[in-house]
Every structure is written in structure tokens, then in C-alpha cells.
Amino acid sequence: MRSAWLITAFLTACPAPSSSDSGPDRPFVYPLDDLLRVQHLQVKGTHNSYHQAPDHDAVAEWNYSHAPLREQLSCEGVRQFELDIHQRSSGGFDVFHVPVLDEGTSCATLRQCLGDLRSWSDASPGHHPIFVMIEPKNGYREDEVEDYLAELEAAIDDSWPDRLLTPDLVQGHHPDLATALAADGWPTLGEVRGHLLLWLLDRGGFSEAYTRGGTDLGGRLMFPLSEPGDPFAAVMMRDGPEGNVEAIQALVQANYLVRTRSDSGGVESESDGEARRDAALESGATMISTDYPAPVEGSDYWLRLPEGTPSRCNPMTAPQECSSEALEDPRAIDHRWCWPSG
């Protein structure tokens, strides 16, 4: 449970709307929903979003714990998540970091994690798309990869059967994703409120099989990790923003969604942490992932998006008319998830 200090510090920095303004039944009107598109967002994400610090201190980089996913959504403004999955021999997928040494998690299975996100989404219908990166961790035999991917998509479909922002939805009548994004960009926020966008973190056998040899994503539920020049280029990762600000800016201006990290392996010093965080914000990366989405006792460092409510207009791509409230009205969030007692 969060300490009283953390609760006070976070709510002072990011006060929640009054109870009279919140709740899932209040109607919300977004007048720019036909103008603003997914590429106009800049959102806060969490690295290894399920992670709970292990009891031992053998690896300093593992010494962080995240709130439950629904609490991250309502209380910390997180809109991008990262889930490491391990296939069980009996079927299904567990979510944790490293076997034995670092298995602490706030949601034990992929179905539970996605189910937690879905229950929050159902109670908070005004939200813009939630982004989820899925990283397969355990190995597979080459002749089993198709079965693995089929089981993975079945788990996704069972947990989130509709309101998915899929490659087919973006590609439309175009021959491939890259052409569609160059011509039309991403869907408008009005078309995809309440949706989930999933992407597969892999550049090896999983991605090769998932894209059918790099040729086809028809019917797939997730976007593969990609690079410029790929016919399925859409979602990319550039985790080191320092020295890469201009390169990231060029990618987002080409309508690609880019994930970067504002910190990694702990904050060595306040100045080092702020420099990397500022580079990530300046880059215009769509998703900025952190181990510190809320204040941490004993440190002044954490990731807050300037003028975000909780997300903000992307500084590189959003039109002048954009405002954070037009992306997501804070009154549309169900604050009942915030730091429950017990």
C-alpha cells in the first residue's frame, strides 16, 4: 500500500477532479475528435508495468515497484504498459520478469493483466487508446511458433474481444501499413476512444511468423515492432533519447508511433535523470516509459508530462488547436481505483 507521503505528494502535483465532476455516467464531449489523431498524443508509460521489487538486492536495477495497473491508469496517468510473458507448458501465459530471481508481479497472468485494463476501460469510456507492449520471454521450437502465436491471440481475444485498434483498421484499403500512415495517418481519436493498441516486441522468429515473412498482417491483433522501410512499419522503439532527439522527431513526424524511456536502471543523480527525461519529452516520442510514474520517497525525480491531463499534445505533431483536455477529459476517469485501502 502506498505511504501517506506518496499519496500527498502525488495529489499535490496532480490533483484529481472533485467527486461531483467524476464518474462513468457523466457525458463528455470532445469537439476536436474529428481532427486529432493517435499520432498527436504523447503519453506516459511504465517499464515492466507489473513489476514488484524482489526481496533481495542482488540487482539494483530491479529495485522498483509499480502500483496495480488500474491504479496506474486512474491515479498516475499511465497510458502505455509493458508486459513480459512466459508460456506455461500447461497452457496460458504468466507475466513476470525473470524466473526465480525476479518474479514479483501485480497481475499473474496475461488474461488477468488485460482483464484489469479492460475493467478500467469499461468504467472510463472517454479514454484515448491504451498502448500495451507484449514481450515474449521464453523460447520456442521453430515448428511450434504458429501454435504459440495462436494461443497468444486467443488470450487477447478472450480478455479484450472488441475495441481493438488493429493493423487492419489502420491499413484500410492501402497495400500496407507504411503506405496507409504516409497517406492518412492514424485513426482519429473519435474513431478509437476506449480502444486498446497492442504491439509485439520481437525482431526474430515471432515477428517473422507474425508478419507471415514480412508480407501480411491481415487479421492480426498486434502491431509488430518495426523499422522504417518495413512494409508493416508503424510502431518503433528508441529507448535512448539522449543524442537521438532529432532522429525520434523525424520518425514521429512521419506518423510512426515511437516508444522511448525517460530513465533506466535507477536514477543515478537528479541532474542525470532530468536530462534524460527532458530529452524524451523534447523528442516528441509518442510513449515515454518510466520506472517512476509517481513521486518516490527520498527522490525528487519522477515523470510528469507538462500540461498533461494525463496525456499531452505531442510537441512535434499536434495541430495548434490541440489541448490536453481535448485528448482526454480528466473527469472521464474513474478515480475509485486511486489507492484503495487495505
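Of everything in region 220-248 that's part of a helix (DSSP H, G or I) and out of contact with any strand residue (DSSP E or B) (no Cβ under 9 Å at 6 or more places or on another chain), which residue is surrounded by the most Cβ atoms within 10 Å (Cβ to Cβ)? Steps first, answer last, please.
The initial filter retains those residues of region 220-248 that are part of a helix (DSSP H, G or I), namely 245-248.
Next, from what is left, pick out any that are out of contact with any strand residue (DSSP E or B) (no Cβ under 9 Å at 6 or more places or on another chain): 245-247.
Working: Val245: 20, Glu246: 9, Ala247: 12.
Among those that are part of a helix (DSSP H, G or I) and out of contact with any strand residue (DSSP E or B) (no Cβ under 9 Å at 6 or more places or on another chain), it is Val245.
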Review point. Name the pairs: first residue in region 249-265 and over 10 Å from Gly185 (Cα atoms) and outside any loop (DSSP other than H, G, I, E, B), second residue of a type in the set (Asp, Glu) and modelled with pLDDT under 95, Cβ to Cβ under 6 Å, at least 6 apart or on different chains?
Key: Thr260/Asp239; Arg261/Asp239
Practice item. Consider only pairs whose beta carbons are under 8 Å apart and that are at least six residues apart or on different chains; among these, list those whose first residue lies in region 151-165 and is under 17 Å from Gly92 (Cβ atoms) and whose second residue is in a loop (DSSP other than H, G, I, E, B) and open to solvent by 20 Å² or more (accessible area, probe 1.4 Å). Key: Glu151/Gly91; Glu153/Arg220; Glu153/Leu221; Ile156/Leu221; Asp157/Leu221
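In region 323-333, is there at least one residue being polar (S, T, N, Q) and under 30 Å from Asn63 (Cβ atoms)? Show your work before the answer.
Initially, region 323-333 is screened for residues polar (S, T, N, Q), giving 323-324.
Then keep just the ones that are under 30 Å from Asn63 (Cβ atoms); that gives none.
The answer is no; no qualifying residue exists.
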**Study point:** Which listed residue, of Tyr50, Tyr30, Tyr64, is of a type in the set (Ser, Thr, Tyr) and over 20 Å from the mean Cα position of the chain (by Cα)
**Key:** Tyr30
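Regarding Leu83, is this residue closer than 30 Å to Cys313 by Cβ, open to solvent by less than 10 Å² (accessible area, probe 1.4 Å) and without any contact (Cβ under 8 Å) to a residue 60 or more places away in the chain? Let's see the steps before the verdict.
On the way: closer than 30 Å to Cys313 by Cβ: yes; open to solvent by less than 10 Å² (accessible area, probe 1.4 Å): yes; without any contact (Cβ under 8 Å) to a residue 60 or more places away in the chain: yes.
So Leu83 fits the description; yes.
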Review point. What are the residue pairs meeting all of these: first residue in region 298-315, first residue within 22 Å of Ser264 (Cα to Cα), second residue of a type in the set (Val, Ile, Thr) and surrounded by 19 or more Cβ atoms within 10 Å (Cβ to Cβ), Cβ atoms under 7 Å, and 6 or more apart or on different chains?
Key: Ser299/Val267; Tyr301/Val267; Leu303/Ile288; Leu303/Thr290; Ser311/Val43
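Condition (residue is hydrophobic (A, V, I, L, M, F, W, C), out of contact with any Lys or Arg (no Cβ under 6 Å at 6 or more places or on another chain) and on the phi < 0 side of the Ramachandran plot) applied to region 294-301: is it met by at least one residue?
Initially, region 294-301 is screened for residues hydrophobic (A, V, I, L, M, F, W, C), giving 294, 296.
Narrowing the set further to residues that are out of contact with any Lys or Arg (no Cβ under 6 Å at 6 or more places or on another chain) leaves 294, 296.
Then keep just the ones that are on the phi < 0 side of the Ramachandran plot; that gives 294, 296.
Looking through region 294-301, at least one residue is hydrophobic (A, V, I, L, M, F, W, C), out of contact with any Lys or Arg (no Cβ under 6 Å at 6 or more places or on another chain) and on the phi < 0 side of the Ramachandran plot.
Among the residues of region 54-65, is there at least one that is aliphatic (A, V, I, L, M) and buried (at least 16 other Cβ atoms within 10 Å of the Cβ)?
Step one: list which residues in region 54-65 are aliphatic (A, V, I, L, M), which gives 58-60.
Then drop every residue that is not buried (at least 16 other Cβ atoms within 10 Å of the Cβ), which leaves none.
Scanning region 54-65 turns up no residue that is aliphatic (A, V, I, L, M) and buried (at least 16 other Cβ atoms within 10 Å of the Cβ).
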Revision key, fill the gap. All-but-one check, Pro161 against (1) surrounded by fewer than 16 Cβ atoms within 10 Å (Cβ to Cβ); (2) not β-branched (Val, Ile, Thr); (3) not in a loop (DSSP other than H, G, I, E, B), failing number (3)
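Going through region 166-178 one residue at a time, which ones are surrounded by 15 or more Cβ atoms within 10 Å (Cβ to Cβ) and free of Cβ contacts under 8 Å to residues at least 60 places away in the same chain?
Hits for region 166-178 are Thr166, Leu169, Gln171, Asp176, Leu177, Ala178.
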Exercise for review: Please indicate, with yes or no, whether at least one residue in region 204-213 is in a loop (DSSP other than H, G, I, E, B), at pLDDT below 95 and closer than 24 Å to Arg261 by Cα.
Suggested key: yes
Review point. If we keep just the residues of region 318-333 that are buried (at least 21 other Cβ atoms within 10 Å of the Cβ) and assigned to a loop (DSSP other than H, G, I, E, B), which is modelled with the highest pLDDT?
Key: Ala318
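The values are calculated or read from the model by the stated rules, or taken from the named source; none is laboratory data. These numbers come from a predicted model, not from an experiment. When we count neighbours, we look across all protein chains shown, and the Cβ atoms used for this are built from the backbone with ideal geometry, even at glycine. These accessible areas exclude ligands, DNA and RNA; they are computed on the full protein's heavy atoms, side chains included. Shrake-Rupley method; radii C 1.70, N 1.55, O 1.52, S 1.80 Å.
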